[in-house]
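Novice: The structure follows.
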Amino acid sequence: MNVNVEEYWAIFERTTAESLRRNTIIVFEALSTAGITHVRVGFDGEGDQGQMERAAARMNGNAVEFPTVTVKLWESRYGSAELRTCELGLQEAVENLCYGCLEERYGGWEINEGSFGEFNLDVAARTIRLEHYGRFVETAYSSDTF
């Protein structure tokens, strides 16, 4: 099979979107089962590096620890149309989901001046709110000859 780079990338984008869709359902179901009502995850990146802060869970306004349960998530691989599974602890699964959302919306969020922000998950509403702040350097140039 002769597949070019554009076709591989299109396949990767489709499988990545599908894994994100599936993982959102899985993570929200696990959070709900654990009784967690809200989760906050901050992120910060620049200079080609970025990281998520540890996810912080709340139950009806009170900080709680994540339970020690694992969830099976889906992941895509460049060059493959098949999704594969991996198992992560619930806290890591939330962070993985946030990485996926951030990459889908703001791919390259960690490059150059980067960006920062936070995710807020509302478990009952099954919503993920992303607050993203991009950093930019502006340069103005002018040249005059008299």
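Every number here is computed from the coordinates shown, using simple stated rules; none is lab data. Predicted, not measured: the structure shown is a model, and the values here were computed from it. Here Cβ is always computed from backbone atoms with ideal geometry, including for glycine, and neighbour counts include all displayed protein chains.
Novice: What FRET efficiency would be calculated for the residue pair Tyr106, Thr70, taking the C-beta separation as r and a Förster radius of 30 Å, to the nearest 0.05? Spell out each step's value before the answer.
Specialist: Numbers: r = 28 Å, r/R0 = 0.94.
With a Förster radius of 30 Å, E is 0.60.
Novice: Same structure again: Tell me what the chain gives for mean residue ellipticity at 222 nm when only DSSP H runs of n ≥ 4 count, each as -39,500 (n - 2.57), the sum divided by the residue total, rounded to 500 deg cm²/dmol.
Specialist: -11000 deg cm²/dmol
Novice: Could I ask something else about it? Over the alpha-carbon set of the stretch 1-132, work out the extent along each principal axis and list the three values in angstrom, largest first.
Specialist: Rounded to whole Å, the extents work out to 54, 33, 23 Å.
Novice: Same structure, new question: Using alpha-carbon pairs under 8 Å, 6+ residues apart, how would you state the relative contact order of the chain in percent? Working shown, then result.
Specialist: Details: 245 pairs, mean separation 40.8, N = 146.
That works out to 28 percent.
Novice: Now a separate question. Quick check for me: using +1 on Lys/Arg Cβ and -1 on Asp/Glu Cβ, what's the dipole size of the chain about its Cα centre, in debye to the nearest 20? Could the numbers behind the result be given before it?
Specialist: On the way: 13 positive and 24 negative charges, 148 e Å.
So the magnitude is around 700 debye.
Novice: Normalised by the residues of the stretch 1-77, what does the relative contact order come to in percent, with Cα pairs under 8 Å and at least six apart?
Specialist: Numbers: 67 pairs, mean separation 25.5, N = 77.
It comes to 33 percent, rounded to a whole number.
Novice: Which order results if Val69, Val123 are arranged by neighbouring Cβ count within 10 Å, fewest first?
Specialist: Fewest-to-most Cβ neighbours within 10 Å comes out as Val69, Val123.
Novice: Assuming R0 = 30 Å, can you tell me the calculated FRET efficiency for the pair Arg129 and Phe12, based on Cβ-Cβ distance, to the nearest 0.05?
Specialist: That gives a FRET efficiency of 0.70.
Novice: Can you give me the P(r) profile for the stretch 86-146? Cα pairs, bins 5 angstrom wide beginning at 0, each as a whole percent.
Specialist: Distribution as computed: 4, 13, 20, 18, 14, 9, 6, 4, 4, 3, 2, 2, 1, 0 percent.
Novice: So for the chain, taking the charge dipole from beta-carbon charges (+1 Lys/Arg, -1 Asp/Glu), which of Asn112, Asn60, Gly100 sits furthest toward the positive end?
Specialist: After comparing all options, I get Asn60.
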